[in-house]
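Here is the structure we will look at, set down as structure tokens.
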């Protein structure tokens, strides 16, 4: 995307490499990695949900086989990511939040989704603490099937496709509410995998 002209997109994409320290140096290629350092780097980027893109000059079979062994990994190239970005960037998500007693409700209005695999992510504060309970996901006011969403380490990922216009995620907070600022982050992306589980 242009940093100078609003709405302008270029028809090419440069993907950054996944930097990782080996000893005190940033490894510039897989040839500088040990098997253990490569796996540690891949695990870090994968667990964060980031692009896994290590660079190598020679045989990268250990790296390739290790990466594709990860669940829900998308093997692609810059053209595939650019095409995904074009589809994803058209989606508009309007988040909202309300709370009634100890029940919180995160909403997301969805518009302009053209990919049947469009999904959103709802990041719920303190989710990993185990104090959030009674998760309920509604799509256009109807309780969602468990195949339409999955809990993650930070909240919930919900498939909305092209027909869902409203997502609501309800959950109970610990009593009394110890969260001074109810902050929820909603991210959208077009997931290329047919099943979000």
* State, to one decimal in nm², a quarter of the convex hull surface area for the C-alpha atoms of the range 1-91, i.e. the direction-averaged projected area. => 7.5
* Asked: Which Rg and Dmax, in Å, describe the Cα atoms of the range 97-167?
  -> 12.4, 37
* To do: Ratio to report: Rg/Rh of the chain, with Cα atoms as the point set and Rh obtained by the Kirkwood method; give two decimals.
  => 1.02
* Mean separation of Cα contacts under 8 Å, 6 or more apart, over the residue count of the chain: relative contact order % -> 20
* Report, please, the projected area of the range 1-49 averaged over directions, based on the convex hull of its C-alpha atoms, in nm². => 5.3
* FRET efficiency, 1/(1 + (r/R0)^6) with R0 35 Å, evaluated for residue 40 and residue 172 via beta carbons -> 0.40
* **Estimated 222 nm signal from helices in the chain, with DSSP H stretches of n ≥ 4 weighted -39500 (n - 2.57), rounded to 500** => -5000 deg cm²/dmol
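Here, each number is a calculation from the coordinates, and none is a lab measurement. Everything quoted here is computed from the prediction, not taken from an experiment. In this analysis, Cβ positions are derived from the backbone assuming ideal geometry, glycine residues included, and neighbour counts consider all displayed protein chains.
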